[in-house]
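Asks: This is the structure I want to talk about, given as structure tokens.
The values are calculated or read from the model by the stated rules, or taken from the named source; none is laboratory data. Computed from a predicted structure; not experimentally measured. Here the Cβ is made from the backbone with ideal geometry for all residues, glycine too, and neighbour counts use every protein chain on show. Calculation scope for accessible area: heavy atoms of the full protein, side chains included, ligands and nucleic acids excluded. Shrake-Rupley method; radii C 1.70, N 1.55, O 1.52, S 1.80 Å.
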Amino acid sequence: MRSLGVGVLAWVLVGCGRAPSPLYPALEGSIGMTHRGVLTGSMEIPEEGPGYRFLRDNDRHYATPRFAKALMRAAAQVEEQRPGAVLVFGDLSKAKGGTLMPHFSHRNGRDADLLLYATTLDGVPVASPNFIQYGPDGLAFDKKKKRFYRLDEEREWLLVKALIEDPEAHIQWIFVHRYVKARVIQWARASGESPELIARAFEVMWQPRSPGGLHDDHTHVRTTCTSEEVAHGCEPFGPVRAWLEGPLDAPPPPAEASDAELAAELSRPLQAAGVPARSAAAAP
Ligand SMILES: [Zn+2]
């Protein structure tokens, strides 16, 4: 019993993680998981900026600096490419994270709700008035304003593209209804985007099951942890995206090789590298 007590005491002391050590590094930034975590050193996104504004003036405009900047960069990029509309931000996290009702996640600066880009029925870009639900026809009815809006697939795709192409954004998910996803992906295909990029978007855009709703009135963007963030307490979970470099995402980069070494490696016979010789029948 006594040794158990000592063990528990040791666990409590070490488990606090207050003293930095190689085994328990200082916790900072996005700590824990999105549904069970806190946030330190957060950044508040200003009320409005190039290509975006917030829907509400409240204390939920915080994220990790890396994610906050990535969101602002993406909004600015869309505006630069297609001026005339703004992206409306919903809830992110509170300055120190923690529970954020009514959300299940949004607890450690890695989640952002973004309203969908909208136009009038005539195609004039407008800021999304609120959380309005889009159907398979790409139309949403705003009960307050008593008018229809059209989903702006073009800007929505540019936003998705900006986010998933940004090496700093580390986007793991863009939760969104499958109707919206289908229309945005369809737009991307019609625009001649590369199959590789579309495949990436297809993987990241996902209609979640409850809790959290179907996301037919906004997207919920989540960034995963970088290797450095993991070292400071960020806990990644869920699928790993092959194109992201990170702790679980890719093997460490090889040590720098000289040109001569690379040339030798490239000229090495394939059989020596374990590649079976190709039979004549299989040759192209
Ligand atoms: Zn959300």
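Asks: Within straight cross-link reach of Lys144, meaning Cα distance under 18 Å, which aspartates and glutamates are found once same-chain residues fewer than 8 apart are removed?
Replies: By straight Cα distance, Lys144 reaches Asp216, Asp217.
Asks: Mind giving me the FRET efficiency for Arg53 and Glu165? R0 is 30 Å, r the Cβ-Cβ distance, nearest 0.05 is fine.
Replies: The value I calculate is 0.80.
Asks: Also, quick follow-up: Quick one: the Cα spread of region 28-231 along its three principal axes, in angstroms, biggest first?
Replies: Cα extents, longest axis first: 48, 40, 33 Å.
Asks: Give me the percent of accessible area attributable to carbon and sulfur for region 28-231, probe 1.4 angstrom.
Replies: Of the solvent-accessible surface of region 28-231, carbon and sulfur hold 53 percent.
Asks: For the pair Asn130 and Ala231, what calculated FRET efficiency results from E = 1/(1 + (r/R0)^6), where r is the Cβ-Cβ distance and R0 = 30 Å, to the nearest 0.05? Write down the numbers at each step before the final one.
Replies: Numbers: r = 40 Å, r/R0 = 1.33.
E between Ala231 and Asn130, to the nearest 0.05, is 0.15.
Asks: Something else now. What accessible area per residue, rounded to a whole number of Å², is obtained for region 28-231 using a probe radius of 1.4 Å?
Replies: 45 Å²
Asks: Could you tell me the calculated FRET efficiency between Glu28 and Arg209, based on Cβ-Cβ distance and R0 = 45 angstrom, to the nearest 0.05?
Replies: 0.90
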